[in-house]
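Please read the structure below before turning to the comments.
The values are calculated or read from the model by the stated rules, or taken from the named source; none is laboratory data. On a predicted model such as this, the values are computed, not experimentally measured, just so you know. Please note: Cβ atoms are built from the backbone with ideal geometry, for glycine as well, and neighbour counts cover all protein chains shown. The accessibility values were calculated without ligands, DNA or RNA, using every heavy atom of the protein model including side chains. Shrake-Rupley method; radii C 1.70, N 1.55, O 1.52, S 1.80 Å.
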Amino acid sequence: MAAFKELVFSGVQPTGNLHLGNYLGAIKRFVEMQERAECLYCVVDLHAITLWQNPAELRTQIREVTAAFIAAGIDPRRSIVFNQSQVPQHAELAWIFNCVARLGWLNRMTQFKDKAGKDRENASVGLYDYPVLMAADILAYRATHVPVGEDQKQHLELTRDIAQKFNNDFAESILAHGHGEGFFPVTEPLIGGPAARVMSLRDGTKKMSKSDPSDYSRINLTDDADAIAQKVRKAKTDPEPLPSEAAGLAGRAEADNLVGIFAALQGSTREAVLAEYGGAQFSAFKGALVELAVESLAPLSAEMKQLVADPAHIDAILADGAERAEAIAAPTLDAVKDIVGFVRRGPTLRAV
Ligand code: AQP
């Protein structure tokens with residue numbers, strides 16, 4: 001396999017209020033990755049429309065997610081921040097990958113089953129094809145690392161399968177075009193930390209999610225101190241005090257979740273949190289959690305507010321990012337077209 005330059009790609013859908021799960025499982029880790037490699041962070045609006053979106057709200061939400069990226073600490077001069085629909089290579093590569101991916105692979109995707117629910121026949125074709133577009137997002141940049149929450153693990157396995165099948169199916173052509181062995185990297189998922197799967201505050205067995213009908217199930221990045229305090233105080237718990245060691249969280253989903261959130265906000269581990277709060281009642285622990293969450297989220301939400309008040313500035317960040325993203329993706333697509341056997345556009349009749 002050829003050596004690939006370390007490059008990070010990840011995306012967030014502009015489909016509603018961003019919550020603590022999106023922040024701790026993904027965006028906070030995006031910021032950390034900037035120290036390590038070249039990073040592309042994408043507002044995946046093509047993914048968003050796999051479920052119907054109100055057009056005016058979609059535009060607002062694209063700008064809000066961009067603002068959240070910047071407010072969280074992503075530097076748009078250092079990292080490439082853009083929205084997917086401005087870079088046509090995503091959709092173009094997705095089509096080619098549609099012809100590489102197998103139906104059987106997509107039939108196994110649990111997110112489609114969850115989101116389509118019982119009304120499968122009525123789901124959009126895009127929702128079914130979502131993981132193929134995600135593979136195109138990542139591989140258009142030949143990204144080597146993808147930081148995501150645990151819910152995206154299966155989709156990343158599919159990305160790896162698509163990369164490997166493309167490399168195998170076109171092995172001779174890849175070599176003939178001088179690309180060495182393996183045109184696409186087999187991307188590494190970066191899933192981990194204490195908040196890889198933040199759970200609902202109302203039910204420790206369900207993922208914290210934008211689409212949960214109860215606003216009390218999640219902490220939104222734009223919630224003020226009062227809302228955060230109310231939601232944490234109402235969060236479901238059990239009657240036992242906190243254990244002193246992480247093993248004692250087994251079978252206590254809600255306690256495990258709150259301790260994981262605390263650890264991720266603090267940049268520590270469950271063990272470190274329990275070393276301090278082991279034996280404490282939830283009333284005391286929740287008080288400390290509210291304080292930590294407000295202290296972490298208040299500056300973020302204040303900066304988000306400021307940024308969204310200037311949409312022209314956000315649009316300029318996105319335009320700049322799209323230009324830089326396309327400069328990487330366009331040569332990849334040209335090479336893919338050569339490898340697949342397409343005739344690329346040359347001089348016109350007038351010129352020959
Ligand atoms: N609960 C979570 N815990 C940890 N990470 C999470 N992510 C999402 N929920 C959690 C991660 O956030 C990134 C962006 O997610 P997304 O908006 O692209 O898609 P999603 O997973 O569909 O997000 P939601 O909020 O849960 O929306 P719905 O309600 O539509 O299902 C990804 O890296 C994701 O792993």
Considering each residue of the range 302-323, count those that are assigned to a helix (DSSP H, G or I) and more than 20 Å from the chain's Cα centre (by Cα), and give that number. 14
Filter the range 105-123 for residues that are closer than 18 Å to residue 211 by Cα and of a type in the set (Asp, Glu); the one that is surrounded by the fewest Cβ atoms within 10 Å (Cβ to Cβ) is 119
Among the candidates 276, 271, which residue alone is of a type in the set (D, E, K, R), farther than 26 Å from residue 207 by Cβ and over 21 Å from the mean Cα position of the chain (by Cα)? 276
Counting only residues that are among the polar types (S, T, N, Q) and surrounded by 15 or more Cβ atoms within 10 Å (Cβ to Cβ), how many does the range 165-174 have? 1
All positions within the range 140-173 that are within 16 Å of the ligand (Cβ to nearest atom), in contact (Cβ under 8 Å) with a residue 40 or more places away in the chain and assigned to a helix (DSSP H, G or I): 150, 151, 154, 155, 158
Criterion first (at negative phi, free of Cβ contacts under 8 Å to residues at least 12 places away in the same chain and not aromatic (Phe, Trp, Tyr)) does residue 242 satisfy it? no
Quick check on my filter: what residues within the range 124-143 are open to solvent by 20 Å² or more (accessible area, probe 1.4 Å) and either at pLDDT below 95 or more than 18 Å from residue 50 (Cα to Cα) (or both)? 142
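Yes or no, residue by residue, for (1) surrounded by fewer than 19 Cβ atoms within 10 Å (Cβ to Cβ); (2) touching a Ser or Thr at 6+ places or on another chain (Cβ under 8 Å); (3) closer than 29 Å to residue 37 by Cα:
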residue: 176; (1), (2), (3): yes, no, no
residue: 188; (1), (2), (3): yes, yes, yes
residue: 194; (1), (2), (3): no, yes, yes
residue: 197; (1), (2), (3): yes, no, yes
residue: 201; (1), (2), (3): no, yes, no
residue: 204; (1), (2), (3): yes, no, no
residue: 212; (1), (2), (3): yes, yes, no
Cβ-Cβ below 6 Å, separation at least six or inter-chain, first residue in the range 3-17 and farther than 17 Å from residue 82 by Cβ, second open to solvent by less than 30 Å² (accessible area, probe 1.4 Å): which pairs? 4/144; 4/185; 6/37; 6/144; 15/48; 17/220
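Here's the yes/no breakdown for (1) more than 25 Å from residue 15 (Cβ to Cβ); (2) more than 16 Å from the ligand (Cβ to nearest atom); (3) of a type in the set (Lys, Arg):
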residue: 212; (1), (2), (3): no, no, no
residue: 218; (1), (2), (3): no, no, yes
residue: 224; (1), (2), (3): no, yes, no
residue: 244; (1), (2), (3): yes, yes, no
residue: 271; (1), (2), (3): yes, yes, no
residue: 289; (1), (2), (3): yes, yes, no
